């Protein structure tokens, strides 16, 4: 089974621009979570989508948004980029099995650099 | 107090030794506990999870959970240089505001030297 894929892998933007990142989960997985990883803050939860609905959201400003499509693919968008948004953005998918432990499998990440 | 704390590193062990990685968490409602390994420049890779008190073994790895003490650990036996990486402890809650959310510790850098 193919793993989680993320595109693009690397991105360079300038302050004030916006960016859209894409994530395709493992086939059959319906839940997609997004995380931001920085050296100072570590891995922080952004939001989670399941069946096209955002079920959970972390403590990030409204500039960070996302959506999920009917095929479970997900996108996240960051508007009005700031220097501090430079980070590795990771998505993870899980199958949400009933009565079992949800294990999240991470994609390779998108390295965003804001200049 | 951070929600998930890991023992400060970096941790250096000789090849063949046992590496012990520790993690404490603050939310007593936490349900499941995960250990991920992250090589430099790569994404986190799941090593194992545990949700019941006690030990869980998988090859050279043993996870230990003590919910009363809010403590989870990972032992790596017969450590190899290829085990050198950052180890991340992650905790999940039970539904509701915990949907799809893992809370991570800051990570412990492990170096296994030949």
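No value in this document is a laboratory result; all are computed from the given coordinates. Everything quoted here is computed from the prediction, not taken from an experiment. Virtual Cβ from ideal backbone geometry, glycine too; neighbours counted across all protein chains shown.
For segment A:55-115, what is the Kirkwood estimate of the hydrodynamic radius, computed as the reciprocal of the mean inverse distance between distinct Cα atoms, to one decimal in Å?
Working: mean 1/r = 0.0733 Å⁻¹.
Roughly 13.6 Å, rounded to one decimal.
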Footprinting proxy, A:74, B:82: sorted fewest to most Cβ within 10 Å, the residues are B:82, A:74
Here the relative contact order (percent) of chain A, from C-alpha pairs under 8 Å and at least 6 apart, is 36
So, relative contact order of segment B:9-87 in percent, Cα under 8 Å, 6 or more apart, is 39
Here the convex hull volume per residue of the protein assembly as shown, taken over Cα atoms and given in Å³, is 129
Taking the alpha-carbon centre of each part, the distance from segment B:14-29 to segment A:15-84 in Å is 29
Cα gyration tensor of segment B:11-99 diagonalised, 5x eigenvalues square-rooted, in angstrom largest first, produces semi-axes 24, 15, 10
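Tell me, B:92, A:33, A:86 in order of fewest to most beta-carbon neighbours within 10 Å?
Values: B:92 24, A:33 29, A:86 16.
Ranked by crowding around the Cβ, least crowded first: A:86, B:92, A:33.
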Over chain A, the quotient of the Cα radius of gyration and 2.2 N^0.38 Å is 1.02
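Quick one: order A:26, B:76, B:18 by neighbouring beta-carbon count within 10 Å, fewest to most.
Working: A:26 18, B:76 23, B:18 12.
By the 10 Å Cβ count, ascending: B:18, A:26, B:76.
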If the chain between residue B:69 and residue B:53 were fully extended at 0.36 nm per residue, the gain over the current Cα-Cα distance would be 4.7 nm
Taking only the alpha-carbon positions of segment B:52-98 as identical scatterers, the Debye log10 I(q)/I(0) at q = 0.21, 0.28, 0.31 Å⁻¹ comes out as -0.86, -1.13, -1.20
